[in-house]
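Everything below concerns the one structure shown next.
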Amino acid sequence: MEERLYDLVFIVRPATPEEEIKKVLTVIEHTCAEKGGKIEKTENWGTRKLAYRVAKHREGIYIHQEIHTTHGELIAELERRLRVQDNVIKYQTVRLDEDLKRQKKLTLKREKRAARRPRRTAAPPAAPAPAPEQAAATS
């Protein structure tokens, strides 16, 4: 089966202690291991302002993870578990491998098109125009 790449970003309440954030990360890691997924990267982006108020909060702690999996049901399970976490106020998962494939395909098309195009060679230098005095003398 084909491996898929997902970005998971979730926002935790701003006053959440570090231990509680680690508990949420442990739940995600355990679920990934259970379903055969692999977490490539985990980043804590810190407290940031939200674009709009979420659950009466104007800011939150952003956590970003990259997840590799061959089963789409892993993401559904992660979303279900994030939905029931009290400290998580918002989450978003995005499948990246489709975009990467599309980008690679477009790059290959451009390269093929560029290879088919005739290359422009430099035009030979034009003969210098005769000086005005010489043009008048020859007439």
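General observations
- Each peptide in 60-66, 47-53, 111-117 gets a packing score, the mean of other Cβ atoms within 10 Å over its residues, and the list from highest to lowest is 60-66, 47-53, 111-117.
- Cβ-derived FRET efficiency at R0 22 Å, residue 108 paired with residue 70, nearest 0.05: 0.35
- Legend: distances between Cα atoms for 49/101; 41/112; 22/90; 41/90; pairs beyond 24 Å are 49/101; 41/112.
Read the figures in this text as sums done on the coordinates, not as results from a lab. Here the structure is a predicted model, which is why all the values come from computation and not from measurement. Reconstructed Cβ throughout: ideal geometry from the backbone, glycine too, with neighbour counts over all protein chains shown.
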